Amino acid sequence: MARTPADAADAADARTPSTGAAGPGAAGPVPGSVRLLLDLCAGGVRLTPGRRLPRVVVRGVQERRPHWGWDADRPAQREEDLLPLAMLHELLRSCRLLRLVHGVLSPTRAAASDAEVLRRLQAGLFDESFHGQLCRLLLETLSNVDAVAEVTLVDAALHQLAPSWHRPDRPLDRVDVRVAVGRAHHVLVGLDAVTTSGSRLRDFWSISPAGRALLPSAVAA
């Protein structure tokens, strides 16, 4: 997905350079699932030939987060069987909290500092991409109410984000946004930022304390 030229120019003008330093109030609770994966990778773990997490790590996460899989009673075979884990693995590597050297994945030095972990998560999660803006919109919407139906979140994203973004050959439609919200759900669950209730269709979302701590407004406070 890409922005329309005018919106991209406006965002570039509004953006301020980053110094890389943690801002005031950046220290806060690191999401438990983030610390869990970092701890499981401590000392280094060798990825599979397909660059996936080894089964011992996947099942270590499943033991503590059984609700991440479609079938809690069925042992996970790969990280894609626990989609929040697959998204968390991708995010921690993009944030440089995990690094891959010669096939071995291990935490970076930054992962030892809770303040730096939180700062990097915020920077990586709320970037200028469509996905980053969507995650921010979802958490900000949830921060004002007890629970929100997923269909309402899709409507909000369609109304607030879709006019500024487009596919290469067409505007975004409701299906595009619904798929994007589904992907964002797995990312936010992997960060312990949201909880859901209802059916397997994730009828209602609620923000967690970890999700509130990730919001940029929490850093500025």
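Each value in this text was obtained by applying a stated rule to the coordinates, not by laboratory testing. This one's a predicted model, so the numbers in the text were calculated from it and none came from an experiment. No Cβ is skipped: glycine too gets one built from the backbone with ideal geometry, and neighbour counts run over all protein chains shown.
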Query raised in the report: Has segment 61-75 got any residue that is within 13 Å of V34 (Cα to Cα) and without any contact (Cβ under 8 Å) to a residue 24 or more places away in the chain?
Result: no
Requested in this report: Scan segment 120-140 residue by residue and report those that are among the aromatic types (F, W, Y) and in contact with a helix residue (DSSP H, G or I) (Cβ under 6 Å, 6 or more places away or on another chain).
Outcome: F126
Requested in this report: Considering each of L98, L91, L37, L53 in turn, give the residue that is touching a helix residue (DSSP H, G or I) at 6+ places or on another chain (Cβ under 7 Å), of a type in the set (A, V, I, L, M, F, W, C), surrounded by 13 or more Cβ atoms within 10 Å (Cβ to Cβ) and closer than 23 Å to A180 by Cα.
Outcome: L91
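Would you point out the residue of segment 125-169, among those that are under 20 Å from D203 (Cα atoms) and touching a residue at least 60 places away in the same chain (Cβ under 8 Å), that is surrounded by the fewest Cβ atoms within 10 Å (Cβ to Cβ)?
Residues of segment 125-169 that are under 20 Å from D203 (Cα atoms), as a first pass: 134-159.
Going one step further and asking which of them are touching a residue at least 60 places away in the same chain (Cβ under 8 Å), we end up with 136, 138-140, 142-143, 146.
On the way: R136: 19, L138: 25, L139: 26, E140: 14, L142: 23, S143: 13, D146: 8.
Of everything passing the filter in segment 125-169, D146 is surrounded by the fewest Cβ atoms within 10 Å (Cβ to Cβ).
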Report task. Return the only residue of P49, P29, P84 being within 20 Å of S208 (Cβ to Cβ) and assigned to a loop (DSSP other than H, G, I, E, B). Result -> P29
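Mind checking which residues of segment 153-169 are more than 16 Å from T195 (Cα to Cα) and not in a loop (DSSP other than H, G, I, E, B)?
Selection gives V154, D155, A156, A157, L158, H159, Q160, A162, P163, S164, W165, H166.
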**Report entry** Among the residues listed as A123, A112, the single one being touching a Ser or Thr at 6+ places or on another chain (Cβ under 8 Å) and small (G, A, S)
**Finding:** A123
